[in-house]
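S.K.: Right, I'll just put the structure down here and ask away after.
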Amino acid sequence: MANYDLIVIGSGPGGYIAAIRSAQLGLNTAIVEKDSAMGGTCLHRGCVPAKAWLETAHRFEQMQQATDFGIRGIDPNALQPDLPTIIKRKNRILLKNSKGIEYLMKKNKVAMIKGFGQLLGGGRVKVEDEIHEAKKIILATGSIPKDLPGLEVDGVRVLSSDHILNMSELPKSLIILGAGAIGVEFASVFSRLGSKVTLVEYMDRLLPLEDEAIGAELAKIFVKPYKIDVRVSTKIINVERHADKVTCTLEGEKAGVVEGEYLLVAVGRQPVTAGIGLENTVAVIDRATVNVNNFMQTAEPGLYAIGDIVRTPMLAHVASDEGIVAVEHAARELGIDIEPHAIDYDRIPSCTYCDPEVGSIGLTESKAREKGIDVSVGSFPFMPLAKANIMGEPHGFIKVVADASTKQILGIHILGPKATELVASSVAILAGQLTVDNLIHTMYPHPSLNEAFPEAARAVYGRALNC
């Protein structure tokens, strides 16, 4: 039996960041990981490998347009995606990052315990046949792809995101159920690589959690240039699995029967809270998630929970920040002079890496109105900007949502080139509690995509300069 000040269960972006911060604060720390490599779902089966695929698809599309940029010698018709090589490159990236996490554990003297961790209660954690004790424990067990009754994945014709990341042959046709972040990202990948994609969404728009204008414009781009068959307000009511295809019966606004080589079920993720010993504690489970307070404490003394297993946005950067909060609170309880910060969940940046990209922070227009706020909005397209045209990606827009009376900026929503990088400026804008007038008077370099920010702010008053 080994004794620690703090044990982290799970080495994803929440868990490994928590372990490093714990060690930095002088706590004797261990991290438990069931997989052979460190990094969790985000690194091995989620965020990182999906973005590697997206980068390949984006470059593939760019090379098809090379002659427009004055580059001769490339025959667009001869270009072919090489999926085994895509997978090899993806795996190299994962290995490099995983080794980097292991290096950080060793550098910070965090004990790495390999095996499945299970709570026994009373500060005890069982890993395989060994029992470890800790004054504090942080659960960071993450999530897995969600199943739907009747649409259970089999890894043969009905796939999850885990399966499709290692697909070695390009499907001629692919049906994707779910147009949240996972669904639209894989729709971007495979439509650009050459698959015929059908995208089915039960809600009335793509990316239902984003501002309505984002989903509406993204659907137009998917349908026109990329020939994706977009079917919103529609659901799959039956799936027939054949040796070489699936046949899906659809009900709703765009009912009918569609066929594809594969069906990708991309309806979200579910927390991993079963089988980890929570029944041996007094922690409260509500709809498969663990109840916590502002400092990520559960009802079980000394036990914290972070990331996808609590009811906060399922985002890697949220899990990392929650890990820091939990560790600093635990450290304070163990006598270390530190003041943990509570997270402001109203100011969390969100990114979807489809093509074009989506980045957002703060309230959508509809959410602001639901709160009873009288809002003013302004949007500015990337089309007039020199930088967007230089890049060959003059699509999308930036939308500002503001309080109509105070002109306080409540939210910023971006669809377009480099949106997942541009959202960093939005974080600063909301953190600084800028008003529309402040943003109008902010100077951005020319030519740059950032020039759209003050123009969107001017559009709140109906006086954008470049439109």
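The values are calculated or read from the model by the stated rules, or taken from the named source; none is laboratory data. Values in this document were obtained by computation on a predicted structure and should not be read as measured data. Note that each Cβ is placed from the backbone with ideal geometry, even for glycine, and that neighbours are counted across all protein chains shown. Heavy atoms of the whole protein, side chains included, go into the accessibility calculation; ligands, DNA and RNA do not. Shrake-Rupley method; radii C 1.70, N 1.55, O 1.52, S 1.80 Å.
S.K.: Taking segment 24-35 on its own, how many of its residues are aliphatic (A, V, I, L, M) and buried (at least 23 other Cβ atoms within 10 Å of the Cβ)?
M.R.: 3
S.K.: Considering SER366, SER350, which residue is touching a Gly at 6+ places or on another chain (Cβ under 8 Å) and not β-branched (Val, Ile, Thr)?
M.R.: Being touching a Gly at 6+ places or on another chain (Cβ under 8 Å) and not β-branched (Val, Ile, Thr) holds for just one of SER366, SER350, which is SER350.
S.K.: Take GLY14 and decide whether it is buried (at least 23 other Cβ atoms within 10 Å of the Cβ), modelled with pLDDT of 95 or more and on the phi > 0 side of the Ramachandran plot. Walk me through it before giving the result.
M.R.: Working: buried (at least 23 other Cβ atoms within 10 Å of the Cβ): yes; modelled with pLDDT of 95 or more: yes; on the phi > 0 side of the Ramachandran plot: no.
Here the answer is no, as GLY14 does not meet what is asked.
S.K.: Considering only segment 344-366, I want to know if a residue exists there that is more than 17 Å from ALA459 (Cα to Cα), of a type in the set (A, V, I, L, M) and in a helix (DSSP H, G or I).
M.R.: no
S.K.: Among all residue pairs at least 6 apart or on different chains, which show Cβ distances below 6 Å where the first residue, located in segment 222-245, is within 16 Å of PHE186 (Cα to Cα) and the second is of a type in the set (Lys, Arg)?
M.R.: ARG231/LYS254
S.K.: Same structure, new question: Which residue is nearest to SER143 (Cα to Cα), if the candidates are limited to segment 63-89 and must be in contact (Cβ under 8 Å) with a residue 40 or more places away in the chain and assigned to a helix (DSSP H, G or I)?
M.R.: ILE87
S.K.: Is it the case, given these coordinates, that SER233 is among the hydroxyl-bearing types (Ser, Thr, Tyr) and closer than 30 Å to ASN77 by Cα?
M.R.: Judged against the criteria, SER233 is not a match.
S.K.: Here's something else I'd like to know. Consider only pairs whose beta carbons are under 6 Å apart and that are at least six residues apart or on different chains; among these, list those whose first residue lies in segment 365-391 and is closer than 21 Å to ALA464 by Cα and whose second residue is of a type in the set (S, T, N, Q).
M.R.: So the pair list comes out as PRO384/ASN466; LYS387/SER448.
S.K.: While we're here: Could you list, in sequence order, all residues of segment 435-445 that are without any contact (Cβ under 8 Å) to a residue 60 or more places away in the chain and open to solvent by less than 10 Å² (accessible area, probe 1.4 Å)?
M.R.: The one that is without any contact (Cβ under 8 Å) to a residue 60 or more places away in the chain and open to solvent by less than 10 Å² (accessible area, probe 1.4 Å): LEU439.
S.K.: Would you be able to say whether some residue in segment 296-303 is part of a strand (DSSP E or B) and over 30 Å from ILE175 (Cα atoms)?
M.R.: yes
S.K.: What number of residues within segment 379-394 satisfy the criterion of being closer than 18 Å to VAL436 by Cα and open to solvent by 30 Å² or more (accessible area, probe 1.4 Å)?
M.R.: Final tally of qualifying residues: 2.
S.K.: Look at segment 299-324 and say how many of its residues are without any contact (Cβ under 8 Å) to a residue 40 or more places away in the chain and either acidic (Asp, Glu) or within 21 Å of ALA134 (Cβ to Cβ) (or both).
M.R.: Going through segment 299-324 one residue at a time, the tally reaches 4.
S.K.: Could you look through segment 287-307, keep only residues that are open to solvent by less than 30 Å² (accessible area, probe 1.4 Å) and not β-branched (Val, Ile, Thr), and pick out the one that is nearest to SER360 (Cα to Cα)?
M.R.: Filtering segment 287-307 for residues open to solvent by less than 30 Å² (accessible area, probe 1.4 Å) gives 289-290, 296, 298, 300, 302-307.
Now drop any that are not not β-branched (Val, Ile, Thr), which leaves 296, 300, 302-305, 307.
On the way: MET296: 25, GLU300: 35, GLY302: 35, LEU303: 32, TYR304: 29, ALA305: 26, GLY307: 20 Å.
The selected residue is GLY307.
S.K.: To continue, here is another question. Checking the condition over 22 Å from the mean Cα position of the chain (by Cα), open to solvent by less than 50 Å² (accessible area, probe 1.4 Å), closer than 30 Å to GLY70 by Cα and of a type in the set (Ser, Thr, Tyr), which residue from SER376, SER448 passes?
M.R.: After ruling out the rest, the residue left standing is SER448.
S.K.: Condition check: basic (Lys, Arg), surrounded by fewer than 17 Cβ atoms within 10 Å (Cβ to Cβ), under 29 Å from LEU278 (Cβ atoms) and at pLDDT 95 or above. Does LYS114 satisfy that?
M.R.: It is true that LYS114 is basic (Lys, Arg), surrounded by fewer than 17 Cβ atoms within 10 Å (Cβ to Cβ), under 29 Å from LEU278 (Cβ atoms) and at pLDDT 95 or above.
S.K.: Does segment 99-108 contain any residue that is in a strand (DSSP E or B), touching a residue at least 24 places away in the same chain (Cβ under 8 Å), hydrophobic (A, V, I, L, M, F, W, C) and touching a Gly at 6+ places or on another chain (Cβ under 6 Å)?
M.R.: Restricting attention to segment 99-108, the residues satisfying the condition of being in a strand (DSSP E or B) are none.
Taking every residue of segment 99-108 in turn, none turns out to be in a strand (DSSP E or B), touching a residue at least 24 places away in the same chain (Cβ under 8 Å), hydrophobic (A, V, I, L, M, F, W, C) and touching a Gly at 6+ places or on another chain (Cβ under 6 Å).
S.K.: Restricting to segment 1-42, name every residue that is in a helix (DSSP H, G or I), closer than 16 Å to LYS114 by Cβ and within 21 Å of the chain's Cα centre (by Cα).
M.R.: Result: GLY15, TYR16, GLY40.
S.K.: Test each condition in (1) touching a helix residue (DSSP H, G or I) at 6+ places or on another chain (Cβ under 9 Å); (2) surrounded by 11 or more Cβ atoms within 10 Å (Cβ to Cβ); (3) among the charged types (D, E, K, R); (4) over 29 Å from TYR16 (Cβ atoms) for ARG72 and report the one that comes out false.
M.R.: Just one mismatch for ARG72, condition (2).
S.K.: Which residues, taken from segment 441-467, are under 25 Å from ASP344 (Cβ atoms) and either in contact with a strand residue (DSSP E or B) (Cβ under 7 Å, 6 or more places away or on another chain) or of a type in the set (Val, Ile, Thr) (or both)?
M.R.: THR442, PHE453, ALA456, ALA457, VAL460 - these are the residues of segment 441-467 that are under 25 Å from ASP344 (Cβ atoms) and either in contact with a strand residue (DSSP E or B) (Cβ under 7 Å, 6 or more places away or on another chain) or of a type in the set (Val, Ile, Thr) (or both).
S.K.: For the condition out of contact with any Leu (no Cβ under 9 Å at 6 or more places or on another chain), crowded, with 20+ Cβ neighbours inside 10 Å, among the acidic types (Asp, Glu) and modelled with pLDDT of 95 or more, what is the one hit in GLU333, GLU322?
M.R.: GLU322
S.K.: Identify the residue in segment 266-286 that is open to solvent by 40 Å² or more (accessible area, probe 1.4 Å) and part of a helix (DSSP H, G or I) and, among all such residues, is farthest from PRO145 (Cα to Cα).
M.R.: ASN280
S.K.: Could you tell me whether segment 422-434 includes any residue that is modelled with pLDDT of 95 or more and open to solvent by 50 Å² or more (accessible area, probe 1.4 Å)?
M.R.: The answer is no, given that none of the residues of segment 422-434 is modelled with pLDDT of 95 or more and open to solvent by 50 Å² or more (accessible area, probe 1.4 Å).
S.K.: Among what's in segment 119-167 and is assigned to a strand (DSSP E or B) and among the acidic types (Asp, Glu), pick the residue that is surrounded by the most Cβ atoms within 10 Å (Cβ to Cβ).
M.R.: Filtering segment 119-167 for residues that are assigned to a strand (DSSP E or B) and among the acidic types (Asp, Glu), the one surrounded by the most Cβ atoms within 10 Å (Cβ to Cβ) comes out as GLU133.
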